[in-house]
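Student: After the structure tokens below, expect a handful of questions from me.
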Amino acid sequence: MKSANSFKRQAMGLFVTLMATTCLVACSPSVDTHVSETSKASESTSVKTSAFSVPVEYYTLDNGLKVVVSEDHTVPTTTIAVYYNIGFRIEPRDRTGFAHLFEHMMFQGSENLGKAEFIGLVNSNGGVLNGSTRFDFTNYFEVVPSHTTETFIWAEADRMRGLDITQENLTNQQGVVKNEVKVNVLNQPYGGFPWLDLPQLANENWHNAHNFYGELSDLDAATLEDVDSFFDQFYAPNNAVVVIAGDVDPAQTKEWVEKYFGTIPAGPPVQLPDISENRQDGEKRSEKIDKLAPQPALGWAYHVPEKWSPEWYAMTMLDIILANGKDSRLYQKLVQEKGYGSSINAGINWPLGNALNYNGPMLWSAFMVYGNEHSADDVIADIDAVVADLQTNGVDQAELDRAMTKMRSGLYDTLGDGNRIGLVDTLATLALFEDNPQKINSLMDGFDVVTPELIQKTAQEYLRTTNRSLITLKPAQSKGDK
Amino acid sequence: MKHILKTTLSSLAIGVLSSSVAIPAFAKEAPPAPATPRNFKLPKVSNYTLSNGVKVTLVPYGRVPKATVRAVVDVGNINDGDMTWISDLTAAMMEEGAGGKSAAELAVGVSEMGGSLNIGVGLNQTFAVMDVLADSAPDAVSMLADVLQRPNLPESEFKRVRDGLIRNVSVGKSRPQSIADSKFAEALYPDHPYGRSFPEDGALETYTLNDVSAFHAANFGGARTHIYVVGKFDADKVKSAIKEQFGSWDAGPQPLDLPSNLNEQRQLILIDRPGAPQSTLRLGKRVPVMDGSVELDAMNTLLGGYFSSRITRNIREDKGYSYSPGSSFRTRFGARNWQQNADVSAESTGPSIKEILKEIDLMRSEPPSEKEVDGIKNYMNGIFVIQLASRGGVANQLARVNLHGLGTDYLENYVGKVQGLTAADFTAAAKKHLNPDDMTLVVVGPIDDVRAQLEPLKDRFAAE
């Protein structure tokens, strides 16, 4: 089915095999992958709308590896994910793009599985896999038939234990990653916009403000020594979590995890750099010329409140109120009323993640292509008006309730995804960043207490123009000059 | 060779394992063998038809309290006639309010159901989809009835909606992948709506609201509509909502049967994109329509259809020419084609095509190994389960089975058919259906830079 306004979610990863929409809160509602209930007795005709809760078993091995197991027998598959607490904002300064390049190296050979063998093992057993690199983690996951669970606990442990990479394999993946950058950025209208550009404009700390995909010259400069030291520094069990969700017996799973992961030695404690950002107190603007784009576009962002603070909960609700769904305020004003464009894409940590799966300073970002018969100033003036109205008049309880309904519904999708991608993502990041995956069952508590007053106060502080960064993208050919 | 290894005691014990085989210097540990496969039960499906022809499929499914309500109407670009995308414009206008409610009022209503409303148009069908909290499933049925049967089609919104579509076409036509797709479809489906991916420049501007109203009136009706409800919902309430909301809709016309003749001629199509760092490739041809057999699918999977496929291993994992190459079938009602897609470094354009052709030739001349065949069987059966593991997936699969008339037992028999595949099936399917001499090749890239690379391939493709 073709879609009239389809701007794909950016995937910085190994390969796009599964649409991993881990969309707590503001997600595009058109992708629906949810859990099926085929084997369990679902004979009961009662329709439950009470809270949905996820079983969580959590422990830490002696070597520091965090382990989360979540039993779910609705489909005879298991989703196995390993998240390493190393994202692209931590990579070395002269090696931009290295965290992502390294992600590719994790498929190039380990102690017992040669190049392509890990992928082959997953595929030939009836599974799919992927890996991706994000702000604060790099993840690897596979959805496999549940009778092969032990096989893939072994396989993930094998590559955590050690890699076996040749120069040939590194050169090959440098070629693949450069082609990834070309297809997603360099040869693509709106390529990298605004997701690569906004962090570079809005942030002051290099860690948050460099090119995460990497300069092609830096990608070329990577050596096997870089691979070696990066692995030693960041790919240790004490810097990772393994999540096993699905058709498993937790006791048996624990035995396998201890058998295969338990003997991997801990690495030295991981030192993470200071990634903090100061409060922004002046608007930043820049312009980008995109010679492939036929229509102008706007990308804009605000720094969001500290995660888990009352204002962060309110900001997450504000995201829904501003840009989630066709009843949202920006959609109603910019699309429905003014007709500047056909859609708005926005969110906290958009488009690389959601409001939960990061750990540090973060932006709420938005993107809209608008018609070249309109001026950027007109669009911006209407954005300002929407924001000013929120800051001056706030929201009423009915609008807040509607946002809560969307939130709850979105959470069901994240946790109830049939291939459990959203489930393992949420469990993994809560374990890595909070040491508390059980929090998955009380996520709504902080949202339930958000009041219209807090929404208004948060809009006043965080939707300040002086907290905003804005990029106008202009086609190389301006109108009338064909 | 670089070897990064965290040394532990257990890794030293490996040599003891397989003593009966000649042990290489560094004996490798084999992965633990899989246990016995577990049963996968298909969801329970109930089907019925209203007197006006509306078909209904209900599937209780899932562990979260949500439901997908999907109305699939047999109207799409195939019904466009000479007004390409009039179906898209009609669908876009149907989102602008219905049953007397404005678009904004609909949007608020959808939100209160915790859901979304999307209307998408494909070549054969229009999909009006709502995904909502379980309790709201009957209300979603009502809203879809309004949207499909009683759209407001307001004059006040028409120009804005049409301008939006025009803008989206211009963006679509700027993407090298869309350009390649549209040229490729044009070559494979000449003189048929399947070959017209985009309206001509300036065409949409001439479409009027009257055209939209007329298209809606002529094409939407009960006989073309199939409603799928998948998820956790109260079946009695949903059934009565469907009867009440859809039972009195006019039957309208039957689905359009517009055969697409096999009149393709192989072509070499070069589209210049000066300075582009990559060439976007489409290589393929028409193949027989879907009939429920699995041989072609299996052959395609091994050739280029999954991560471990031969072409991906070759041009990505061996040569590094491309990031995400892949082959697939594009399936329309009454027509189907196979295509290999790849975005390759400009300097690797010729070599990439050569390697792809080499893999096709090999698939046609030599049977795959037993290990490859077993791997494909497992993969296809695994994907079958993964694709059915969601509300949307279930609705998709059932709709696909129905569109192509694969029969009610198709899903039940699928795994068994896959298990019956042999190595000879792969060779036979490739030999019969993937003759490169009949294939069309589209290259969207820096043509002047890559022309010399294409020279050696000239004898395999007709002149431009």
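Student: What does the charge count around residue A:208 come to, taking other residues whose C-beta lies under 10 Å from its C-beta (Lys +1, Arg +1, Asp -1, Glu -1)?
Tutor: Numbers: positive: A:89; negative: A:204, A:277.
Around residue A:208, the surrounding residues sum to -1.
Student: Whole-Hz ³J(HN,Hα) for each residue in region B:371-385, computed from phi via Karplus 6.51 cos²θ - 1.76 cosθ + 1.60 with θ = phi - 60°, x for glycine and proline: what do you get?
Tutor: My calculation for region B:371-385 gives 5, 5, 5, 4, x, 5, 4, 4, 5, 4, 6, x, 5, 4, 5 Hz in order.
Student: Looking at region A:327-431, which GluC sites (Glu not before Pro) are DSSP coil and have at most 16 other C-beta atoms within 10 Å of their C-beta? Intermediate results must be reported in sequence, preceding the final value.
Tutor: Details: sites: A:337, A:373, A:399; in loops: A:373.
Taking region A:327-431 and a limit of 16 other Cβ atoms within 10 Å, the loop GluC sites (Glu not before Pro) found are A:373.
Student: Sticking with this one: Here is the link list: A:338/A:406; A:326/A:439; B:55/B:239; B:285/B:319; A:439/B:232; A:406/B:232. Which ones come out longer than 22 Å on Cα distance? Show your work: numbers first, answer last.
Tutor: On the way: A:338/A:406 25 Å; A:326/A:439 30 Å; B:55/B:239 12 Å; B:285/B:319 25 Å; A:439/B:232 25 Å; A:406/B:232 17 Å.
Check vs 22 Å cut-off fails for A:338/A:406; A:326/A:439; B:285/B:319; A:439/B:232.
Student: Still on this structure, please answer the following. So what are the radius of gyration and Dmax for the Cα set of region A:57-261, in Å?
Tutor: Just the Cα atoms of region A:57-261 yield Rg and Dmax of 17.7, 51 Å.
Student: Below 12 Å, Cα to Cα, which aspartates and glutamates can residue A:182 reach? Residues fewer than 8 away in the same chain don't count.
Tutor: Straight-distance partners of residue A:182: A:215, B:343.
Student: Next question, about the same structure. Would you list which aspartates and glutamates come within 16 Å of residue B:159, measuring only between C-alpha atoms, while excluding same-chain residues fewer than 8 positions from it?
Tutor: By straight Cα distance, residue B:159 reaches A:337, A:373, B:88, B:95, B:96, B:205, B:211.
Student: Taking θ as phi - 60°, what are the ³J(HN,Hα) couplings along region B:400-408 by the Karplus curve (6.51, -1.76, 1.60), each to the nearest whole Hz, with x for Gly and Pro?
Tutor: Karplus values, whole Hz, x for Gly and Pro: 5, 4, 6, 4, 9, x, 7, x, 5.
Student: Another one. Run the simple label-point estimate for residue B:51 and residue A:249 please: 7 Å along Cα→C-beta, distance reported in nm.
Tutor: Distance between the two pseudo-spin positions: 5.7 nm.
Student: Using alpha carbon centroids, what distance separates region B:140-202 and region A:270-308, in Å?
Tutor: For region B:140-202 versus region A:270-308, the Cα centre distance is 33 Å.
Student: Hey, rough spin-label estimate for residue A:221 and residue B:235, points 7 angstrom out along Cα→Cβ, what's it come to in nanometres?
Tutor: 6.5
Student: Sticking with this structure for a sec: Could you give the angle, 0 to 90 degrees to the nearest 10, between helix B:155-172's Cα long axis and the longest principal axis of the Cα atoms of chain B?
Tutor: Taking Cα atoms only, the helix is inclined about 10 degrees.
Student: Rounded, prolate or oblate: which one fits the protein assembly as shown, using the alpha carbon gyration tensor with axes a ≥ b ≥ c (rounded when a/c is under 1.5, else prolate when a/b beats b/c, else oblate)?
Tutor: Details: a/c = 1.27, a/b = 1.12, b/c = 1.13.
The shape class here is rounded.
Student: Next question, about the same structure. Apply the a/c threshold of 1.5 to the C-alpha gyration tensor of region B:46-246 and tell me whether it is rounded, prolate or oblate.
Tutor: Numbers: a/c = 1.87, a/b = 1.65, b/c = 1.14.
Note, shape of region B:46-246 comes out prolate.
Student: What ranking of B:372, B:95 emerges when the number of other C-beta atoms within 10 Å of each C-beta is taken as an exposure proxy, fewest first? It would help to have the intermediate numbers written out before the result.
Tutor: Numbers: B:372 16, B:95 20.
The fewest-first ordering by Cβ neighbours comes to B:372, B:95.
Student: Under a Cβ-only charge scheme (Lys and Arg +1, Asp and Glu -1), can you give me the dipole magnitude of the protein assembly as shown about the Cα centre, in debye to the nearest 20?
Tutor: Details: 88 positive and 117 negative charges, 281 e Å.
Roughly 1340 debye for the protein assembly as shown.
Student: Would you tally the net charge around residue B:411, using a Cβ to Cβ cut-off of less than 14 Å, leaving residue B:411 out, and scoring K and R as +1, D and E as -1? Numbers along the way, then the final one.
Tutor: On the way: positive: B:41, B:44, B:400, B:417; negative: B:409, B:412.
Here the charged neighbours net out to +2.
Student: Taking chain B as the reference, fit the longest principal axis to its C-alpha atoms, fit the long axis of helix B:410-419 to the helix C-alpha atoms, and give the angle between the two in degrees, 0 to 90, nearest 10.
Tutor: 0
Student: Through the Karplus equation 6.51 cos²θ - 1.76 cosθ + 1.60, θ set to phi - 60°, convert the phi angles of region B:221-238 into ³J(HN,Hα) values in whole Hz; use x for Gly and Pro.
Tutor: So the Karplus estimates, Gly and Pro as x, are x, x, 5, 9, 10, 10, 9, 10, 10, 10, x, 9, 8, 7, 4, 4, 5, 5 Hz.
Student: Determine how many Å³ per residue the convex hull of the Cα atoms of chain A encloses. Can you show the working numbers first?
Tutor: Numbers: hull volume 73.0 nm³, N = 482.
About 151 Å³ per residue, rounded to a whole number.
Student: Looking at region B:261-294, which trypsin sites (Lys or Arg not before Pro) are in a loop (DSSP not H, G, I, E or B) and have at most 15 other Cβ atoms within 10 Å? Before the final figure, lay out each step's value.
Tutor: On the way: sites: B:266, B:282, B:285, B:286; in loops: B:266.
Counting only loop positions with at most 15 other Cβ atoms within 10 Å, none of the trypsin sites (Lys or Arg not before Pro) in region B:261-294 qualifies.
Student: Let me ask something additional. Near residue A:149, within a Cβ-to-Cβ distance under 14 Å, what is the net charge of the other residues, with Lys and Arg +1 and Asp and Glu -1?
Tutor: Surrounding charge for residue A:149 is -4.
Student: Right, another one. Mind listing which GluC sites (Glu not before Pro) in region A:283-315 are in a DSSP loop and have 14 or fewer other Cβ atoms within 10 Å?
Tutor: Values: sites: A:283, A:287, A:306, A:311; in loops: A:283, A:306.
Those satisfying the criteria are A:283, A:306.
Student: A further question on this structure: Mean residue ellipticity at 222 nm from the helices of the protein assembly as shown, using -39,500 (n - 2.57) per DSSP H segment of n ≥ 4 over the full residue count, to the nearest 500 deg cm²/dmol? Working shown, then result.
Tutor: Working: 30 runs with 339 residues, N = 946.
It lands at -11000 deg cm²/dmol.
Student: Give the long-range amide H neighbours of residue B:271: residues separated by 5 or more places, or on another chain, with amide H under 5 Å away, using H modelled in the peptide plane at 1.01 Å from N.
Tutor: B:443, B:444, B:445
Student: Continuing with the same structure: Take A:303, A:100 and order them by how many other Cβ atoms sit within 10 Å, fewest up front. Don't jump to the answer; show the numbers that get you there.
Tutor: Working: A:303 21, A:100 26.
Ranked by crowding around the Cβ, least crowded first: A:303, A:100.
Student: Determine, from the Cβ-Cβ distance of residue B:293 and residue B:270 and an R0 of 30 Å, the FRET efficiency 1/(1 + (r/R0)^6), rounded to the nearest 0.05. Each step should come with its number before you reach the end.
Tutor: Working: r = 35 Å, r/R0 = 1.18.
The formula returns an efficiency of 0.25 here.
Student: Using a Förster radius of 35 Å, what is the FRET efficiency between residue B:210 and residue B:104 based on their Cβ-Cβ separation? Nearest 0.05, please.
Tutor: Values: r = 25 Å, r/R0 = 0.71.
E(calc), rounded to 0.05, equals 0.90.
Student: Something else now. Going by how many other Cβ atoms sit within 10 Å of their own, how do A:472, A:426 line up, fewest first? Please report the intermediate quantities before stating the final value.
Tutor: On the way: A:472 20, A:426 25.
In increasing order of surrounding Cβ atoms, one gets A:472, A:426.
Student: Tell me, what is the Rg over Rh of chain B, with Rh the Kirkwood radius over Cα pairs?
Tutor: Working: Rg = 25.5 Å, Rh = 25.1 Å.
Taking Rh as the inverse mean 1/r over Cα pairs, Rg/Rh reads 1.02.
Just so you know, all these numbers are worked out from the coordinates, no wet-lab data involved. If you're wondering where the values come from, they're calculated on a predicted model, not measured in any experiment. As a convention, Cβ positions derive from the backbone with ideal geometry for all residues, glycine included, and neighbour counts pool all protein chains shown.
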